[in-house]
């Protein structure tokens with residue numbers, strides 16, 4: 001029997017990022033949040049999705065806050081949401097991470113370098 005392929009979710013990406021930024025192990029997050037360590041692993045690997053309440057508790061266990069907000073989408077955001085839905089969660093997450101890395105790199109450029117890249 002072939003193992004089920006599991007894709008990371010937004011919740012798993014948030015949890016992994018928060019835990020790593022806090023420098024904590026899964027065991028430490030589990031202890032602080034009062035949950036079993038295997039649950040942390042399942043959440044991080046996308047095998048289970050925590051409720052918003054549980055995700056908030058896990059993020060707080062990492063010493064951070066979870067903020068959720070609903071806004072109207074611009075036409076560009078709406079188009080991106082449709083593209084993301086078409087490619088699936090894992091690929092959309094990878095695309096977003098590549099875009100973020102590109103923005104970070106652009107912020108490191110000097111004004112002269114930025115002007116040269118627009119030419």
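We did not get these values from a lab; they are worked out from the coordinates using the rules stated. Note that the coordinates shown come from a computational prediction; the quantities given were computed from them, not determined experimentally. Reconstructed Cβ throughout: ideal geometry from the backbone, glycine too, with neighbour counts over all protein chains shown.
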Q: Give segment 31-59 a look and list any residue that's surrounded by 13 or more Cβ atoms within 10 Å (Cβ to Cβ) and farther than 19 Å from residue 9 by Cα, or say none.
A: 31, 32, 33, 35
Q: Among the residues of segment 12-30, write down those that are in a loop (DSSP other than H, G, I, E, B) and either in contact with a strand residue (DSSP E or B) (Cβ under 9 Å, 6 or more places away or on another chain) or surrounded by fewer than 16 Cβ atoms within 10 Å (Cβ to Cβ) (or both).
A: 23, 25
Q.
Residues that are touching a residue at least 40 places away in the same chain (Cβ under 8 Å) and within 25 Å of residue 22 (Cα to Cα): list the helices (runs of 4 or more DSSP H) wholly contained in segment 34-119 that include at least 1 such residues.
A. 52-61, 89-108
